[in-house]
Structure formats: structure tokens, C-alpha cells
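The values are calculated or read from the model by the stated rules, or taken from the named source; none is laboratory data. Just so it is clear, the structure is predicted and the values come from calculations on it, not from any experiment. All Cβ positions, glycine included, derive from the backbone under ideal geometry; neighbour counts span all protein chains shown.
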Amino acid sequence: MKSTHLIRILLVFCAAVTMPALAQQKGTSGGGEQRVALVIGNGQYKDSPLLNPVNDARAIAKALTASGFKVTVSENAGQKDMQLAMRDFGDALKNGGVGLFYYAGHGMQVKGRNFLIPVDAQIQREDEVAYNSVDAS
């Protein structure tokens with residue numbers, strides 16, 4: 001099992017992100033296209049806590065908000081909260097627009113699949129990763 005101590009994922013959905021200096025309306029680009037972001041920072045892990053993910057998530061959220069994104073921030077999220085936030089994020093993009101997802105926290109790669117690790121994950125064996133984490137794909 002390949003493990004990374006800190007993983008930061010920045011995915012851009014639907015279109016390349018261009019950040020105009022001033023957005024005409026919060027949550028939209030200058031052309032009226034909606035811009036939404038989900039930012040997750042997980043650091044309060046029981047066995048191996050991380051110091052920076054929450055601070056990094058807050059800094060990214062601030063920059064995205066200043067750039068005209070409607071931002072949802074989740075800090076130290078458990079598996080259920082992460083999945084619900086990601087579902088809501090996907091729902092917000094059903095009608096198009098630009099979506100940006102940022103994650104800072106523990107992650108793992110198992111058999112070529114990448115997983116984001118919630119703060120409440122209890123993983124003892126490799127086969128438990130898939131159902132105790134969030135699949136990054």
C-alpha cells in the first residue's frame with residue numbers, strides 16, 4: 001500500500017479556470033458563468049495529525065472567494081461529511097459552470113486508485129481503504 005502523508009488535489013471541472021481581477025457577481029465569472037469551489041482541509045487525525053491543511057484550506061478559500069467563486073469550506077471532515085459536501089458540489093455543477101475542488105490532508109494510493117482520508121477513518125488493512133475513505137475519482 002502506497003501512502004502519502006499530505007495530499008493536495010486541485011481539480012478543475014468543466015472548463016479551464018481564469019480568474020479575472022474582479023468578478024461582476026459573487027459566484028459567477030465576468031461572463032455570468034457560475035463558479036463554485038469545494039475546499040476541504042483535514043488535519044485532526046487521531047494517529048497522525050497534520051498542522052497545515054486547515055490553514056491551507058482557509059487561505060485557498062479566501063483567494064477563491066476574492067476571485068469570484070462561491071466557496072464551501074469543510075474542515076476536519078469525517079467520511080459522511082466529505083461525501084455529502086462532494087455530492088452537493090456535484091449537484092451545484094449540474095447546470096454547468098466552473099467547479100474547483102481542493103483537498104489538503106492524508107491520502108493513499110491502493111492498486112492505482114487514489115483515496116482521500118477522512119479524519120474519522122479507521123484503517124487497519126489495505127482492503128479497508130475503499131470503504132473507510134473517499135475515492136478521489
Q. Can you name the residue in the range 102-111 that is of a type outside the set (F, W, Y) and in a strand (DSSP E or B) and, of all such residues, is surrounded by the most Cβ atoms within 10 Å (Cβ to Cβ)?
A. G105
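Just checking, how many residues over the range 105-123 are among the polar types (S, T, N, Q) and more than 20 Å from N76 (Cα to Cα)? Give the steps one after another, and end with the answer.
Looking only at the range 105-123, we keep the residues that are among the polar types (S, T, N, Q), and these are 109, 114, 122.
Still in the running and more than 20 Å from N76 (Cα to Cα): 109.
Looking only at that region, the number is 1.
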(Q) Six or more apart or on different chains, Cβ atoms under 6 Å: show the pairs whose first residue is in the range 100-127 and within 15 Å of P53 (Cα to Cα) and whose second is modelled with pLDDT under 95 and in a loop (DSSP other than H, G, I, E, B). (A) L116/A136
Q) Which condition does L50 not pass, out of (1) assigned to a loop (DSSP other than H, G, I, E, B); (2) touching a residue at least 60 places away in the same chain (Cβ under 8 Å); (3) surrounded by fewer than 21 Cβ atoms within 10 Å (Cβ to Cβ); (4) in contact with a strand residue (DSSP E or B) (Cβ under 7 Å, 6 or more places away or on another chain), if it passes all the others? A) (2)
Q: Name the single residue, out of those in the range 121-137 being under 12 Å from Q83 (Cβ atoms) and not polar (S, T, N, Q), that is surrounded by the fewest Cβ atoms within 10 Å (Cβ to Cβ).
A: Y131
Q) Within the range 62-79, is there a residue that is without any contact (Cβ under 8 Å) to a residue 24 or more places away in the chain and crowded, with 19+ Cβ neighbours inside 10 Å? A) no
(Q) I'm checking my understanding of the structure. Among residues of the range 52-69 that are among the charged types (D, E, K, R) and under 14 Å from the mean Cα position of the chain (by Cα), which one is nearest to G107 (Cα to Cα)? (A) D56
Q) Within the group G90, G99, which residue is small (G, A, S), surrounded by fewer than 17 Cβ atoms within 10 Å (Cβ to Cβ), closer than 12 Å to L38 by Cβ and under 13 Å from the mean Cα position of the chain (by Cα)? A) G90
